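Notes to accompany the following structure.
What follows draws every value from the coordinates through simple rules; no lab data is involved. Note that the structure is predicted; figures quoted are calculated from it, not measured. Reconstructed Cβ throughout: ideal geometry from the backbone, glycine too, with neighbour counts over all protein chains shown.
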Amino acid sequence: MEQAQFQRFCEIAHQRAGIRLGKGKEALVAVRVGRRVRALGLADAKAYLAYLEADKTGEELVSFLDVISTNHTYFYREPEHFDVLATFIKDAVKGGQRRFRLWCAASSSGEEPYTIAVTLCEAMGPTKCDVRLLATDISTDVLTKAQNGLYNEERVSKIPRAIVAKYFEKCRLANGEPGYRASEVLRRMVVFKRLNLSTLPFPMTGPLDVIFCRNVMMYLHDDVRTSLISECSRLLRNNGLLILGRCDTAGRGSPELRHSGQSVYIKE
Ligand SMILES: C[S@@+](CC[C@H](N)C(=O)[O-])C[C@H]1O[C@@H](n2cnc3c(N)ncnc32)[C@H](O)[C@@H]1O
């Protein structure tokens, strides 16, 4: 791919999704754009760039962002955060709270929001609560996977066996392999929607009890990260939790967020 084309792809990713590409990402962009080139039967990246820029429906932009985004995730990633969530929910239930609103801001293929859902069920126990968990991502591909809730044995191996037995059903995957499906209880708890974290303000009204926004900020430009953090802070209730990834920090956009360790912030 020529440098000028690479730079234009970077500009589009930045302008339309706040995604930071750039130096050192040439090979990655070439491979990912190559998928769209082949899917559309085009000659090369130059032809694809022309196609992308000419498409006024916005549909190709969605597909471009699908291939360009990094969706790596797994069940119980950074497990200390689920312990923090469990303690927070148990304390709130003990204190009489029965309504919970949570948001998983970059949910990828569903492993993270389903881990949150399991943690909520286990922490609430038999107490009946009104719970809504919104899970969003920019990529329509991963949102479809997440909604289906189907995972192969290797992915499920990260989940404790007793939890698999309680919250997942054995099934056959489309390729004939044995796999698991998130149970109806979990699937009914999570609402998946497409949301671009670089387009403010977000449509939710809040106040939210907990926001998970993990392992996405490293892919975003600084200005987008700053506005994302202040938008999260606006949406949280007092004493609500913002949980970032281990490698993320809340930085400047967050005067009301107090760091309480382990990339967890409390709204004050
Ligand atoms: C590396 S995954 C992290 C998934 C999960 N949060 C975790 O920690 O395992 C990053 C996710 O952020 C999403 N993403 C990237 N840019 C985004 C944006 N501007 N708006 C919404 N989601 C975005 C990607 O599609 C991807 O699914």
Quiz item: Counting other C-beta atoms within 10 Å, which of Leu244, Leu28, Leu134, Leu42 has the fewest, and how do the rest follow?
Solution: Leu28, Leu42, Leu134, Leu244
Practice problem: For the range 114-188, give the magnitude of the charge dipole about the Cα centre (Cβ charges: +1 Lys/Arg, -1 Asp/Glu; no others), in debye to the nearest 20. | Solution: 200
Quiz prompt | Burial order of peptide ranges 114-120, 206-212, 90-96 (average beta-carbon count within 10 Å, highest first) | solution = 114-120, 206-212, 90-96
Quiz item: Given +1 on the Cβ of Lys and Arg, -1 on the Cβ of Asp and Glu, and no further charges, what dipole in debye does the range 3-68 carry about its Cα centre, rounded to the nearest 20?
Solution: 220
Quiz item: Which one of Val67, Asn196, Ala27 has its Cα pushed farthest toward the positive end of the charge dipole of the chain, where Lys and Arg give +1 and Asp and Glu give -1 at the Cβ?
Solution: Asn196
Quiz prompt | Table column - 3J(HN,Hα) (Hz), the range 184-195, Karplus curve with 6.51, -1.76, 1.60, x for Gly and Pro | solution = 4, 4, 5, 5, 6, 7, 10, 10, 9, 9, 7, 8
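Taking every eigenvalue of the Cα gyration tensor of the chain, multiplying by 5 and rooting it, what semi-axes result, largest first, whole Å? Can you show the working numbers first?
Numbers: eigenvalues 225, 115, 43 Å².
Taking √(5λ) for each Cα gyration eigenvalue gives 34, 24, 15 Å.
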Quiz prompt | Measure of compaction for the range 87-174 (Cα Rg per 2.2 N^0.38 Å) | solution = 1.19
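Would you calculate, for the chain, the mean residue ellipticity at 222 nm contributed by helices, counting each DSSP H stretch of 4 or more residues as -39,500 (n - 2.57) and dividing by all residues, to the nearest 500? Don't skip to the answer; put the middle values down first.
On the way: 11 runs with 119 residues, N = 268.
My calculation for the chain gives -13500 deg cm²/dmol from helical runs alone.
Could you size up the charge dipole of the chain around its Cα centre, putting +1 on the beta carbon of Lys and Arg and -1 on that of Asp and Glu, and report it in debye to the nearest 20? The partial results should precede the final answer.
Working: 39 positive and 31 negative charges, 120 e Å.
Taking the Cα centre of the chain as origin, the dipole is about 580 debye.
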Quiz item: Using θ = phi - 60° and the Karplus curve 6.51 cos²θ - 1.76 cosθ + 1.60, what whole-Hz ³J(HN,Hα) does each residue of the range 59-72 get, with Gly and Pro shown as x?
Solution: 5, 6, 4, 4, 5, 4, 5, 4, 7, 7, 7, 9, 10, 4
Quiz item: What residue among Val37, Ala162, Cys232 has its Cα farthest toward the positive end of the dipole of the chain, where the charges are +1 on Lys, Arg and -1 on Asp, Glu, each on the Cβ?
Solution: Ala162
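Considering only DSSP beta bridges with both partners in the chain, what is the antiparallel share in %, to the nearest 5?
On the way: 15 of 34 bridges.
Close to 45 percent.
Are there GluC sites (Glu not before Pro) in the range 1-83 that DSSP puts in a loop and that have at most 14 other Cβ atoms within 10 Å, and which ones?
Details: sites: Glu2, Glu11, Glu26, Glu53, Glu59, Glu60, Glu80; in loops: Glu2.
Those that pass, being in a loop and sparsely packed, are Glu2.
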Quiz item: Mind listing the Cα extents of the range 3-68 along all three principal axes, in Å, largest one first?
Solution: 27, 22, 19
Self-check item: Lys pairs, the chain - Cα-Cα below 28 angstrom, 8 or more residues apart or on other chains
Solution: 29
Practice problem: Within 10 Å, count the other beta carbons around each residue, average over each peptide in 175-188, 139-152, and list them highest first. | Solution: 139-152, 175-188
Practice problem: Mind giving me the nanometre distance, one decimal, between the label points for Thr127 and Thr57, set 7 Å out from Cα along Cα→Cβ? | Solution: 4.9
